[in-house]
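Colleague: Input: one structure, supplied below.
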Ligand SMILES: Nc1ncnc2c1ncn2[C@@H]1O[C@H](COP(=O)(O)OP(=O)(O)OP(=O)(O)O)[C@@H](O)[C@H]1O
């Protein structure tokens, strides 16, 4: 991938935004904490309807990038648009309207420990749709629980009573509570055993296809990249140094990319993907009483 390949054709991007084909547009982003500059002149487009994997070494600013897109981190410089709307300098009403369009699964699930799973899922419903009655809120929570492969019995449980895999799904159910168009996942498979991680990946792909979601997925999990990501953006040197399919990334000369994808773990992920064959066509959402398997191993420290 040459610099020319990486150059962005702004006219085409504007056209794509108008056509609803670009979900997130970032230009010239700069973030810093005191003396530490995390991002400098970072550009990125997330295409509508794709799963974009975001990778980079520890501390390269993946989570800060996510926080910038959802307005939790005010950048020093740069522009961020979500579905064609700038996220900075907006009125409260505009911010709420935009926030309704995304859901976030933060690292570790970030569930409220004093609330049950169903109550956790109800939090965004209460915040964004305060007029919804209790019964409907409960029904929506029950639906989201089923939708993410959790058993119905998980609803009245507290996060501490769940396995690591179930907690992730509960976090996913909360992220999907208000039917977002855009889903942010921050290391969703971290701490899951390989079977739980693969099952979570499959659930993510299934939901993305069924609901037509755009997914921004931060991960260190090479299996996830190979199994479900349409494209991958690589963060290094304070910016996105490359974005494309894994095949396209492998054609780049960048040493970090080569080491990452062609190192022993990268090669293992390729052979795992080959032995599993092509990604499967997603089945329908679970029906009553059905639940996908969840990673039952307790979460380990990352
Ligand atoms: N609120 C903050 N105050 C000061 N520094 C911060 C803050 N948030 C992030 N940083 C710093 O910004 C850098 C990027 O952090 P970030 O969490 O985005 O990295 P990351 O790429 O997600 O890392 P990892 O893969 O380890 O999760 C780190 O050096 C971190 O210490």
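The values are calculated or read from the model by the stated rules, or taken from the named source; none is laboratory data. On a predicted model such as this, the values are computed, not experimentally measured, just so you know. Every residue, glycine among them, receives a Cβ derived from its backbone with ideal geometry; neighbour counts consider all protein chains shown.
Colleague: Can you say whether residue 159 is free of Cβ contacts under 8 Å to residues at least 24 places away in the same chain, away from the ligand (no atom under 16 Å from the Cβ) and over 18 Å from the mean Cα position of the chain (by Cα), as far as the supplied structure shows?
Modeller: It is false that residue 159 is free of Cβ contacts under 8 Å to residues at least 24 places away in the same chain, away from the ligand (no atom under 16 Å from the Cβ) and over 18 Å from the mean Cα position of the chain (by Cα).
Colleague: I've got another one for you. It is to be established whether one or more residues within region 129-142 are within 24 Å of residue 226 (Cα to Cα) and either within 16 Å of the ligand (Cβ to nearest atom) or at pLDDT below 95 (or both).
Modeller: No, that holds for no residue.
Colleague: Take residue 92 and tell me if it is surrounded by fewer than 16 Cβ atoms within 10 Å (Cβ to Cβ) and either within 15 Å of the chain's Cα centre (by Cα) or without any contact (Cβ under 8 Å) to a residue 40 or more places away in the chain (or both).
Modeller: Yes, satisfied.
Colleague: Related question: Quick one: residue 76 ticks every box in (1) closer than 30 Å to residue 160 by Cβ; (2) within 16 Å of the ligand (Cβ to nearest atom); (3) more than 20 Å from the chain's Cα centre (by Cα) bar one, so which box is it?
Modeller: (1)
Colleague: Just the residues that are surrounded by fewer than 18 Cβ atoms within 10 Å (Cβ to Cβ) and over 17 Å from residue 189 (Cβ atoms), please, taken from region 51-66.
Modeller: Across region 51-66, the qualifying residues are 57, 59.
Colleague: Of all the helices (runs of 4 or more DSSP H) wholly in region 176-262, which have at least 2 residues that are more than 14 Å from the ligand (Cβ to nearest atom), farther than 22 Å from residue 150 by Cβ and free of Cβ contacts under 8 Å to residues at least 12 places away in the same chain?
Modeller: 255-262
Colleague: Continuing with this model, one more query. Quick test of your reading of the structure: residue 48 fulfils all but one of (1) away from the ligand (no atom under 15 Å from the Cβ); (2) surrounded by fewer than 18 Cβ atoms within 10 Å (Cβ to Cβ); (3) in contact (Cβ under 8 Å) with a residue 40 or more places away in the chain. Name the failing condition by number.
Modeller: Exception for residue 48: condition (2).
Colleague: Also: Exactly one condition in (1) in contact (Cβ under 8 Å) with a residue 12 or more places away in the chain; (2) within 15 Å of the ligand (Cβ to nearest atom); (3) under 17 Å from the mean Cα position of the chain (by Cα); (4) surrounded by fewer than 21 Cβ atoms within 10 Å (Cβ to Cβ) is not met by residue 69; state its number.
Modeller: Only one criterion is unmet by residue 69, namely (4).
Colleague: Can you pull out every residue in region 141-168 that is part of a helix (DSSP H, G or I) and farther than 23 Å from residue 187 by Cα?
Modeller: 141, 142, 143, 152, 153
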